[in-house]
Amino acid sequence: MAASSFALSQAATTLSPSAALRHESSTNTTQLPSSISTLSIPTFSGLKSTSTPSSRAVTPRRVSASRRHIISSAAVESLQKTDTSLVDKSVNTIRFLAIDAVEKANSGHPGLPMGCAPMGHILYDEVMRYNPKNPYWFNRDRFVLSAGHGCMLHYALLHLAGYDSVKEEDLKQFRQWGSKTPGHPENFETPGIEVTTGPLGQGIANAVGLAVAEKHLAARFNKPDAKIVDHYTYCILGDGCQMEGIANEACSLAGHWGLGKLIAFYDDNHISIDGDTEIAFTESVDRQAKAVTDKPTLIKVTTTIGFGSPNKANSYSVHGAALGAKEVDATRQNLGWPYEPFHVPEDVKKHWSRHTAEGAALESEWNVKFGEYEKKYAEDAAELKSIADGVLPNGWEKALPFELST
Ligand SMILES: Cc1ncc(C[n+]2csc(CCOP(=O)(O)OP(=O)(O)O)c2C)c(N)n1
Ligand SMILES: [Mg+2]
């Protein structure tokens, strides 16, 4: 086994195929992390499982006859009509916002958002705790799209969730100079984007950094009667991130430090920029998978890149180029999407609108908690505040090994 796959395996657990394929209502609440292994992924979504956990654990990734069969059959699979449930519609809204923005810009990466839309949907609609009207709320869950090229996924999610930074006009300005929706995510451009990503592997390394910050602050400031630092870090990483050494180094540390509140999803679509990953990447990244709560979690989700596109799904041609008008039409036809570009159906809008009130409630609940903490532990509260605001403590310059000239 390659050293790098060992590093990732320290952080690994996987969904059982049966859990991954079970279709449950989006109204189910998912407790994390103890029941993360039962997180259900809707079947309509383009997610599929290609092997059992035990066979995955021992089978190296090579172009086998069965894999070739999967590759050739997946385009047929994507021809299946989706059902008309609201979640289905909502997931397709994410897909078409990405398709339309890339089409309008005539550049970008539609394949990842089309394949990962269900994952993103589950995270932003069911799992994560955030306040769209205050992207900087201290105790929010963090999300990092390590495969930054697929950023239309993140922009579409922020848009649906109600972030003011990504309005319809911003989606229409995707990849334009000075827009809020650059071609790779930039944390200083777009409130809601936590980390600038683009160089593959950097995002997961930053996610490890965010998770260790959470763990450190929790250890430093939480009290037996007041858990004020308490949030998760989620990350989606792709094949390209897995190939980068830094991902393995960072995940090795995450495993060593036991960052149990780091949950990463590996978009295992076996396609990268130039073709099938089998041509260059045959590691088994989920070896020794085991569900544990004192270690970070890596969930391998097998997806179809460009899901829904009848002629381009499951191929590198959908990785980094607009689908083209003809294929966009064919995809609209295939997924039963009658709407004009950038349209968000009313019922989908309504479904997502609850996040504004829910997010505000989450933040004010935390504010009350912090107010109580402040009364009991004034010094700690002041220090945490200054850390959160990026203010250095009085006398910080005295710790420097040289004198500051003014
Ligand atoms: C360090 C680094 N090397 C190369 C690139 C250029 N690049 C952008 S996306 C990509 C392929 C990524 O493949 P994958 O993660 O499988 O994404 P998918 O094709 O599944 O969307 C490459 C090589 C990059 N962004 N960063
Ligand atoms: Mg890939």
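The values are calculated or read from the model by the stated rules, or taken from the named source; none is laboratory data. Being a predicted model, the structure only gives us computed values, none of them experimental. Using ideal geometry, Cβ is built from the backbone for each residue, glycine included, and neighbour counts are taken over all protein chains shown.
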Does any residue of the stretch 377-385 turn out to be surrounded by fewer than 19 Cβ atoms within 10 Å (Cβ to Cβ), over 28 Å from the mean Cα position of the chain (by Cα) and within 30 Å of ASN92 (Cβ to Cβ)? no
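For the stretch 206-259, give me each residue that is small (Gly, Ala, Ser), in contact with a Leu (Cβ under 9 Å, 6 or more places away or on another chain) and in a helix (DSSP H, G or I).
Within the stretch 206-259, ALA207, ALA211, GLY240, ALA247, SER252, ALA254, GLY255 qualify.
Can you report the number of residues in the stretch 346-375 which are of a type in the set (A, V, I, L, M, F, W, C), surrounded by 13 or more Cβ atoms within 10 Å (Cβ to Cβ) and within 27 Å of the chain's Cα centre (by Cα)? Quick ask: steps written out before the conclusion?
To start, the set of residues in the stretch 346-375 that are of a type in the set (A, V, I, L, M, F, W, C) comprises 348, 352, 357, 360-362, 366, 368, 370.
From the residues that got through so far, the ones that are surrounded by 13 or more Cβ atoms within 10 Å (Cβ to Cβ) too are 348, 352, 360, 362, 366, 370.
Going one step further and asking which of them are within 27 Å of the chain's Cα centre (by Cα), we end up with 348, 352, 360, 362, 366.
Count: 5.
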Starting from residues that are of a type in the set (Phe, Trp, Tyr), surrounded by 24 or more Cβ atoms within 10 Å (Cβ to Cβ) and in contact (Cβ under 8 Å) with a residue 60 or more places away in the chain, keep the ones in the stretch 126-174 and report whichever is farthest from ligand 1 (Cβ to nearest atom). TYR130
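Out of all the residues in the stretch 110-125, which are within 16 Å of ligand 1 (Cβ to nearest atom) and of a type outside the set (A, V, I, L, M)? Outline the logic, then answer.
Of the residues in the stretch 110-125, the ones within 16 Å of ligand 1 (Cβ to nearest atom) are 110-120.
Within the stretch 110-125, PRO110, GLY111, PRO113, GLY115, CYS116, PRO118, GLY120 meet the criteria.
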Of all residues being buried (at least 19 other Cβ atoms within 10 Å of the Cβ), within 13 Å of ligand 1 (Cβ to nearest atom) and assigned to a loop (DSSP other than H, G, I, E, B) in the stretch 277-308, which is modelled with the lowest pLDDT? Just the residue, please. VAL285
What number goes with the only condition from (1) part of a loop (DSSP other than H, G, I, E, B); (2) hydrophobic (A, V, I, L, M, F, W, C); (3) out of contact with any helix residue (DSSP H, G or I) (no Cβ under 9 Å at 6 or more places or on another chain) that PHE174 does not pass? (3)
Reported set for the stretch 126-168 where residues are within 27 Å of GLY306 (Cβ to Cβ), assigned to a loop (DSSP other than H, G, I, E, B) and in contact with a strand residue (DSSP E or B) (Cβ under 9 Å, 6 or more places away or on another chain) is MET128, SER146, ALA147, CYS151
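Evaluate the following for ASP380: is it charged (D, E, K, R), closer than 30 Å to ASP329 by Cα and part of a helix (DSSP H, G or I)? Spell out the reasoning first.
Details: charged (D, E, K, R): yes; closer than 30 Å to ASP329 by Cα: no; part of a helix (DSSP H, G or I): yes.
Spelling it out, it is not the case that ASP380 is charged (D, E, K, R), closer than 30 Å to ASP329 by Cα and part of a helix (DSSP H, G or I).
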In the stretch 175-192, residue surrounded by the most Cβ atoms within 10 Å (Cβ to Cβ) [restricted to those that are in contact (Cβ under 8 Å) with a residue 40 or more places away in the chain and out of contact with any Gly (no Cβ under 8 Å at 6 or more places or on another chain)]: THR181
Give the stretch 133-156 a look and list any residue that's under 12 Å from the mean Cα position of the chain (by Cα) and within 16 Å of ligand 2 (Cβ to nearest atom), or say none. LEU145, SER146, ALA147, GLY148, GLY150, CYS151, MET152, LEU153
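Please indicate, with yes or no, whether at least one residue in the stretch 210-231 is within 12 Å of ligand 1 (Cβ to nearest atom) and surrounded by 17 or more Cβ atoms within 10 Å (Cβ to Cβ). Step through it out loud before you land on a result.
Within the stretch 210-231, the subset within 12 Å of ligand 1 (Cβ to nearest atom) is none.
No: the stretch 210-231 contains no residue that is within 12 Å of ligand 1 (Cβ to nearest atom) and surrounded by 17 or more Cβ atoms within 10 Å (Cβ to Cβ).
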Going through the stretch 314-341 one residue at a time, which ones are closer than 18 Å to ALA101 by Cα, surrounded by 16 or more Cβ atoms within 10 Å (Cβ to Cβ) and of a type outside the set (S, T, N, Q)? VAL318, HIS319, GLY320, ALA321, ALA322, LEU323, GLU327, VAL328, ALA330, ARG332, LEU335, TRP337
Can you confirm whether the stretch 335-344 contains a residue that is charged (D, E, K, R) and within 26 Å of the chain's Cα centre (by Cα)? no
